[in-house]
Amino acid sequence: MAVVWVSSIPADGHDVVTTKLTWSKEVSRVIYRRCAGCHVEGGKAFSLVQYEEARPWAKAIQETVLRRQMPPWNAVKGFGDFRNDAGLSQEEIHTIADWVEGGSPEGDPALLPPLLRAPKPSPLPKGPRITLRGSLRIRVPLRLAAIEIGQVAEGTSFKFVAETPAGERIPLLWIDSFSAKAPRDYVLRTPLPLPAGTRLIAYPAAGVTLSLIGS
């Protein structure tokens, strides 16, 4: 998805280089994997696939990834596990931030990886759907495969959990400051079997509507 940069000040082209991280070897691989689906010539946002294109925006890229605004992904890491997770890992964030702090060197262009076409998003499962507003208790077993955000106001934060009849509390999704620019679909890496009697809870519940998709 396109990124709204938090800064419009290009990086200084004369920074002192103090890092072994380079665009050609490490940083381009993060950008190609995570950002080039949109930030490419002819894409939804300005291109960042060439060093000459990305280097002037190094400081802005650093600030945006540190705030987890790029790429757009509303879910908090570690609270649920999703196959379509678009958010940067902590290691990827450190790679970009340390590269910028170290002067944003290019390195050897011969080490650049190929720029592959971004894969198309996986379609949502076609299983049964349950609409949740606040909370509900399922009467039959559910194999939860995906969560789709429906009606949620911009900027809303909420958590979504399951409480099984045995007393187990399972974290499913934590949205921190919902943005309509980020994905609304969260596909579980592994479908989760939930027994009958499980209570599904979104809190705070005001204004939150979710679709729960089985497989």
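The values are calculated or read from the model by the stated rules, or taken from the named source; none is laboratory data. Keep in mind that what you see is a predicted model, and the values were worked out from it rather than measured. Here the Cβ is made from the backbone with ideal geometry for all residues, glycine too, and neighbour counts use every protein chain on show. For the accessible areas, the whole protein counts, side chains as well, though only heavy atoms, and no ligand, DNA or RNA atoms are used. Shrake-Rupley method; radii C 1.70, N 1.55, O 1.52, S 1.80 Å.
The Cβ shell under 12 Å around residue 146 holds other residues with a net charge of +4, Lys and Arg each +1, Asp and Glu each -1.
Measuring nothing but alpha carbons in the chain and taking Rh as the Kirkwood radius, the Rg to Rh ratio lands at 1.06.
Per residue of the chain, the DSSP helices (runs of n ≥ 4 H) give a summed -39500 (n - 2.57) that works out to -4000 deg cm²/dmol at 222 nm. Over the stretch 61-163, the pair-distance histogram of Cα-Cα distances with 10 Å bins from zero comes to 10, 30, 32, 17, 9, 2, 0 percent, rounded to whole numbers. For the stretch 192-205, putting each phi into the Karplus relation 6.51 cos²θ - 1.76 cosθ + 1.60 with θ = phi - 60° gives couplings of 9, x, 10, x, 4, x, 5, 9, 9, 9, 10, 9, x, 8 Hz, in residue order, rounded to whole numbers and with x for Gly and Pro. Within the same chain, lysines fewer than 8 places from residue 59 are excluded, and of the rest, none has a Cα less than 16 Å from its Cα. With a 1.4 Å probe rolled over the protein heavy atoms of all chains, the accessible area of 176, 85 falls in the order 176, 85, largest first.
Listed by chain and number, the aspartates and glutamates whose C-alpha is less than 16 Å from the C-alpha of residue 25, apart from same-chain residues fewer than 8 away, are 52, 91, 92, 98, 106, 108. Net charge of the neighbourhood of residue 175, taken over other residues with C-beta under 14 Å away and scored Lys/Arg +1, Asp/Glu -1, is 0.
Taking the C-alpha atoms only, the angle from helix 90-101 to the longest principal axis of the chain is near 20 degrees.
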